[in-house]
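In what follows, a single structure is set out as structure tokens and then discussed.
The values are calculated or read from the model by the stated rules, or taken from the named source; none is laboratory data. The structure displayed is predicted, hence computed values, not measured ones. Positions of Cβ are backbone-derived with ideal geometry, glycine not excepted, and every protein chain shown enters the neighbour counts.
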Amino acid sequence: MVATQLLPIDTVRRRVRRQVERVLRGSPARPGAAGGPGSDEWVAAFAQPAGDPGFFGPGSVTWRVHGDLPSMLVGGVAALLLQSLHPLAMAGVADHSAFRSDPMGRLRRTASFVGTTTFANTAAAEQAVRRVLDVHRRVHGVAPDGRRYDANDPDLLTWVQTAEAWCFVRAYRRFGPAPLPDGDVDRYFAEMATVAERLGARWLPTTRAEVGQYFDAIVPELHAGSQALSAAAFIVNSGGQSLPAPPAVTGLSRALLVQAAIGILPGWARTMLQLRHPFALERVAQRASADAMLGFLRWAMGTSPALVLAQARCATAAALPAA
């Protein structure tokens, strides 16, 4: 009997998936689960108990947006840049994180927290929130301008969480696999506000209009100081050379990922961070290249394993007979 061999395209897809996961995961440890992806603890957090919707559930816009890895990568890098414009938020990052020695570390931790609070069962999601709260208790100090900062400051949490949600949904609308109507964007902001409130925020904008008004109100408080400019340069210079190089087989480009992230930032944010506004033809070329790269990544990675397990967890309850 002749053994069936994988087609070359399947081989490429497997290699891409495996190597991208290695780049993105870094340390196997995951907040909200005792083990890394694939471990018994991790599977249990996403696959059980039957019927537990977690914080959101299968009908949520959050599942749709956060289930698309390629656009989430773009949104995550954009969020790092946008959040840095708040001097107190940036001071906390500069003083309490190792973003220079471990440039992907913060992005990985954010991805782990977002994945767990989005798709895991309620207990695991709540545990992830508690772990972040424990970290936040140690993040406080004095910013370069002399003001005190505290990661548990409700106003600061509003900025960090709103900026992050805006970047995620903006990236999905620009690079995601399907259109996202305005009404669903409003639902997304309202859903994401619930996580921010669990972290200690007292108020979050919950519609596109409210987010726009919030940005208008807070822009005068934003400033690209030396810490923000240094962080932005660290991410952007040499085409994102501060980010670890993806394996060649993935077809990913650090420079293209960073440029896609810059491209979704508000114009005022790019100006503050002294990031060049590309010419019209450059924007077209960058958009086409990013679409091709992210589309290839979406094909190679397939559906998020966390989403697959979460869908099965909720579907199992629907199939159970009534008591």
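Of all the criteria given as (1) buried (at least 22 other Cβ atoms within 10 Å of the Cβ); (2) small (Gly, Ala, Ser); (3) in a loop (DSSP other than H, G, I, E, B), the one not satisfied by Ala50 is (1).
For region 130-137, does any single residue satisfy the condition of being closer than 28 Å to Met272 by Cα and free of Cβ contacts under 8 Å to residues at least 40 places away in the same chain?
Residues of region 130-137 that are closer than 28 Å to Met272 by Cα, as a first pass: 136.
Subsequent filtering for residues that are free of Cβ contacts under 8 Å to residues at least 40 places away in the same chain retains none.
The answer is no, given that none of the residues of region 130-137 is closer than 28 Å to Met272 by Cα and free of Cβ contacts under 8 Å to residues at least 40 places away in the same chain.
Say we look at region 67-114 and pick out the residues that are surrounded by fewer than 21 Cβ atoms within 10 Å (Cβ to Cβ) and of a type in the set (Asp, Glu); which of these is farthest from Ala269 (Cα to Cα)? Top of the filtered list is Asp102.
Residue-by-condition table, conditions (1) touching a Leu at 6+ places or on another chain (Cβ under 9 Å); (2) surrounded by 13 or more Cβ atoms within 10 Å (Cβ to Cβ); (3) under 27 Å from Val16 (Cα atoms); (4) at pLDDT below 95:
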site: Gly267; (1), (2), (3), (4): no, no, no, no
site: Ala280; (1), (2), (3), (4): no, no, no, yes
site: Arg287; (1), (2), (3), (4): no, yes, yes, yes
site: Arg298; (1), (2), (3), (4): yes, yes, yes, yes
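A count restricted to region 150-163 and to residues that are under 18 Å from Leu82 (Cα atoms) and surrounded by 19 or more Cβ atoms within 10 Å (Cβ to Cβ) stands at 9. Give the residues of region 253-265 that are surrounded by fewer than 18 Cβ atoms within 10 Å (Cβ to Cβ) and within 16 Å of Ala79 (Cβ to Cβ), sorted by residue number. Matches in region 253-265: none.
Evaluation of Val65 against the conditions (1) assigned to a helix (DSSP H, G or I); (2) over 16 Å from the mean Cα position of the chain (by Cα) shows that the sole unmet condition is (2). Taking region 278-317 as the range and being among the hydroxyl-bearing types (Ser, Thr, Tyr) and in contact with a helix residue (DSSP H, G or I) (Cβ under 7 Å, 6 or more places away or on another chain) as the test, the residues that pass are Ser289, Ser304. If you scan region 226-265, which residues turn out to be more than 30 Å from Phe296 (Cα to Cα), at pLDDT 95 or above and either of a type in the set (Gly, Ala, Ser) or touching an Asp or Glu at 6+ places or on another chain (Cβ under 8 Å) (or both)? Passing the criteria: Ser226, Ala228. What are the residues in region 140-172 that are closer than 19 Å to Ala111 by Cα and either in a strand (DSSP E or B) or charged (D, E, K, R) (or both), if any? If the condition is that a residue be closer than 19 Å to Ala111 by Cα and either in a strand (DSSP E or B) or charged (D, E, K, R) (or both), then Glu164, Arg170 are the ones that fit.
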